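Let me begin by presenting the structure, written as C-alpha cells, before commenting on it.
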Amino acid sequence: MIEVNGLTKRYGDVLAVDDLSFTVPPGQVTGFLGPNGAGKSTTLRMILGLNRPTAGTATIDGRPFAERRAGLHHAGALLDAGDVHPGRSAAAHLSALARGNGLPRRRVHQVLEEVGLAGAARRRVGGFSLGMRQRLGIASALLGDPPVLLFDEPVNGLDPEGVRWVRGLFRRLAAEGRTVLVSSHLMSEMQNTADRLVVVGRGQLIAEETVAEFAARGTRARVTVRTPESARLAAVLTAAGAVAAADGLDALTVTGLSAARVGELAFQNRILLHELAARTASLEEAFMELTADRVEYRAGDRR
C-alpha cells in the first residue's frame, strides 16, 4: 500500500504539491489524474524518495522508500522512459539493475520476454523507438517482482497492440494483489484500465473514489430522444428550459432536463417517441468540468 499524508513540496515561491493526502490500496489499479502542472510527477518522485518533501510523508508498505535497501524488491517504477544510457543494450541496462538489487540474472530474460523485447535484448537503447523504451521501462519496474508498482504516462508511444497489452498487464498485476498506481492524462485509458482514481489539481486533492463515482459527479448528463416529430418536441423542450440539439433527421440530444421529464413533456403534448435514453457524463467530461478551475496552463493564456 502507498500512503501519502499531508505531502507538500515548495520550490521557492512555487507550491507544487499542497498538503496532499491519499492512499493507494493493493488489488486495484488506481489512476492518478490531473491537468498539466498539477503536481503528479512531483508526487511520484516524493513517494520514491527522489525528491524530499517540504512537509508531510509518503510511505510504501509503512516505510519511506528511501530507507529500503535493494528497493526493486519492494517497488518498481517507470517515471521517464528516456532515462537510460543510449549506449547500453536493453540486457545490459537490466543486468546492472539486477546486480545492484541482488536479483538473479534469469530475471533479465524473464522480464524482456514479458514485455516483448527478448529479440532486442542486445540492441542499444539509443536505437529504440519511444514505444520500445516504454516497454524497457516497464521491464525495469517488473524486474524485482515487487508488490508495489508506479507508472508515469506508460502508454506514451505505444501502438494499439501495446496499449491493449499494457492494460491487461496492469489488471493482471492488480489481480495478483499488487498495488498499482498509474499516472496518465489520457481519460480513455483510465476509463478502460483503472478501478479507482486519485485526482489532483494545483497540488491539491480533488477526488479519491471509484471511476464510476467520479464520472457520476459530472453534471453534463444528456438525453437522447428519437421521434418523427423532432422539430415540435424541440420547441416543447426549449420552452421548458432545455437545450435540444438536432442529431440527424429524427433525433435530439437534450441537456437541462432528465429523461423522465422529457418523457412526461412528450406524453403531455401527444408526441410519439421511438427512443428515450439517458447518458451520464463521460470520465473525460467529468474530469474537464471538475478540474476547470485547477488548470495551470491554458492555450491562449496571456498571464
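In plain terms, if you count all Cα to Cα distances in segment 222-279 and split them into 5 Å steps from zero, the share in each step is 4, 24, 40, 27, 4 percent. Taking the charge dipole of the chain about its Cα centre, with +1 at Lys and Arg Cβ atoms and -1 at Asp and Glu Cβ atoms, the residue from 137, 227, 28 reaching farthest to the positive side is 137. Sorted fewest first by neighbouring Cβ atoms within 10 angstrom, 97, 197, 249 come out as 249, 97, 197. Taking the Cα centre of segment 1-73 as reference, the dipole from Cβ charges on Lys and Arg (+1) and Asp and Glu (-1) amounts to some 260 debye. Panel note: the C-alpha atoms of segment 184-262, placed on their principal axes, show extents of 48, 23, 21 Å (largest first).
Model label points for residue 188 and residue 260, set 7 angstrom from Cα along the Cα-to-Cβ axis, are 3.5 nm apart.
Positive-end ranking of 252, 242, 276 along the dipole of segment 222-279, with charges on Cβ about the Cα centre, is headed by 242.
GNM remark for the chain: springs join alpha carbons under 10 Å apart, and the peak mean-square fluctuation among 262, 108, 84 falls on 262.
For the chain, a Gaussian network of Cα nodes joined below 10 Å ranks 212, 194, 174 by mean-square fluctuation, and the top entry is 212. A simple spin-label model places the labels of residue 212 and residue 247 2.2 nm from each other, with each point 7 Å out along Cα-to-Cβ. In a simple Cβ point-charge model (Lys, Arg +1; Asp, Glu -1; nothing else charged), the chain has a dipole of about 1020 debye relative to its Cα centre. Considered as an equivalent ellipsoid built on the Cα gyration tensor, the chain has semi-axes of 45, 23, 17 Å, the largest given first. So which residue, out of 153, 284, 229, gets the largest mean-square fluctuation from a GNM of the chain using Cα contacts under 10 Å as springs? Result: 229 has the largest fluctuation of those listed. Residue order for 267, 151, fewest other beta carbons within 10 angstrom first, comes to 267, 151. Taking Lys and Arg as +1 and Asp and Glu as -1, the other residues whose beta-carbon sits under 10 Å from that of residue 205 total -3.
Only the coordinates and a few stated rules stand behind these numbers; no lab work does. Please read these numbers as outputs of a predicted model, since none were measured by experiment. Positions of Cβ are backbone-derived with ideal geometry, glycine not excepted, and every protein chain shown enters the neighbour counts.
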